Amino acid sequence: DQQVKQNSPSLSVQEGRISILNCDYTNSMFDYFLWYKKYPAEGPTFLISISSIKDKNEDGRFTVFLNKSAKHLSLHIVPSQPGDSAVYFCAASLSWGKFQFGAGTQVVVTP
Amino acid sequence: DVKVTQSSRYLVKRTGEKVFLECVQDMDHENMFWYRQDPGLGLRLIYFSYDVKMKEKGDIPEGYSVSREKKERFSLILESASTNQTSMYLCASNPRGARSYEQYFGPGTRLTVT
C-alpha cells in the first residue's frame, strides 16, 4: 500500500507561469520530505527538502509547502522554464533516510 | 561532485539466469540503497546497507539479495531472474547523519528479462 501518492501523473504549464505539484501521504510519523527531479536516462537529483517541524522552505524558484494536518505537500516552481521539464518525485522519510517515494509527476513546460 | 556509477546502463538476461548489478560511489558514504522504478509505482526500496557487510530489507526484497564487502561498492543480485524483475534499477548513497537525508543516485540500469 503506497503511503506517498502523487495523483497527477502529468502536468503541462506555459513557460513563465507557476507549476504546482502535489503530494499526499498517509503516515503522520514521516519526519522529512524531499522532492527529486529526474531527466530521462539519468538518476533522480535532489531538488529541495522540508522538515516536518516547518511549513515552508524556499530555494530560488522552488518552494515546498507542508500542511501536516492535511498530510499534504506541494512544490511550487516560479517561473517555470523549459529546463524544468522532467519527472518530479516526492519522498517521505520515517527515519534517517529510508524513504517512501511517490509515483512521480511528468512536467512539460511549453513555450 | 558526488559520483555514483552503475556497471551497466542496459542489460538483457534470460529467465533463470543469475544477474549481478554493481554500484560504486566515490564519496565515502556509509549508506547505500537499491531501488527499482516502475511506471505508476515510483521508486521502491529493495535493500539498503548502512555499513560494510550490513544489510537490511527494504519494501520488496523477495527474489533479490545484496552484498557489501567494501564501503564503496554495493551489489544487487537476482538469484534466478524472472520476467517480473524487468525494470529500471537505481542505486543511491548518502552519508550517515546527512542533515536533509538527500540521496545521490546513479544513472540506473535498465534490465530486461526475457
- Which of the residues that make up the stretch A:83-111 are open to solvent by less than 70 Å² (accessible area, probe 1.4 Å) and more than 13 Å from chain B (Cβ to nearest Cβ)? A:Gly83, A:Asp84, A:Ser85, A:Ala86, A:Val107, A:Val108, A:Val109, A:Thr110
- Task: Kindly provide the set of residues from the stretch A:36-52 that are of a type in the set (A, V, I, L, M, F, W, C) and either free of Cβ contacts under 8 Å to residues at least 24 places away in the same chain or under 22 Å from B:Arg36 (Cβ atoms) (or both), ordered by number.
- Result: A:Ala41, A:Phe46, A:Leu47, A:Ile50
- Message: Between B:Glu30, B:Glu56, B:Glu22, which is more than 29 Å from A:Gln6 (Cα to Cα) and at pLDDT below 95?
- Response: B:Glu30
- Query: Is at least one residue of the stretch A:17-35 in contact (Cβ under 8 Å) with a residue 60 or more places away in the chain, surrounded by fewer than 13 Cβ atoms within 10 Å (Cβ to Cβ) and within 14 Å of another protein chain (Cβ to nearest Cβ)?
  - Reply: yes
- Output yes when any residue across the stretch A:55-77 is in contact with a Lys or Arg (Cβ under 8 Å, 6 or more places away or on another chain), more than 12 Å from every other protein chain (Cβ to nearest Cβ), open to solvent by 50 Å² or more (accessible area, probe 1.4 Å) and modelled with pLDDT of 95 or more, and no when none is. yes
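The values are calculated or read from the model by the stated rules, or taken from the named source; none is laboratory data. All values derive from a computational prediction rather than experimental measurement. Glycine also receives a Cβ, built like all others from the backbone with ideal geometry; neighbour counts cover every protein chain displayed. Each accessible area value is taken on the protein alone, full model and side chains, heavy atoms only, with ligands, DNA and RNA left out. Shrake-Rupley method; radii C 1.70, N 1.55, O 1.52, S 1.80 Å.
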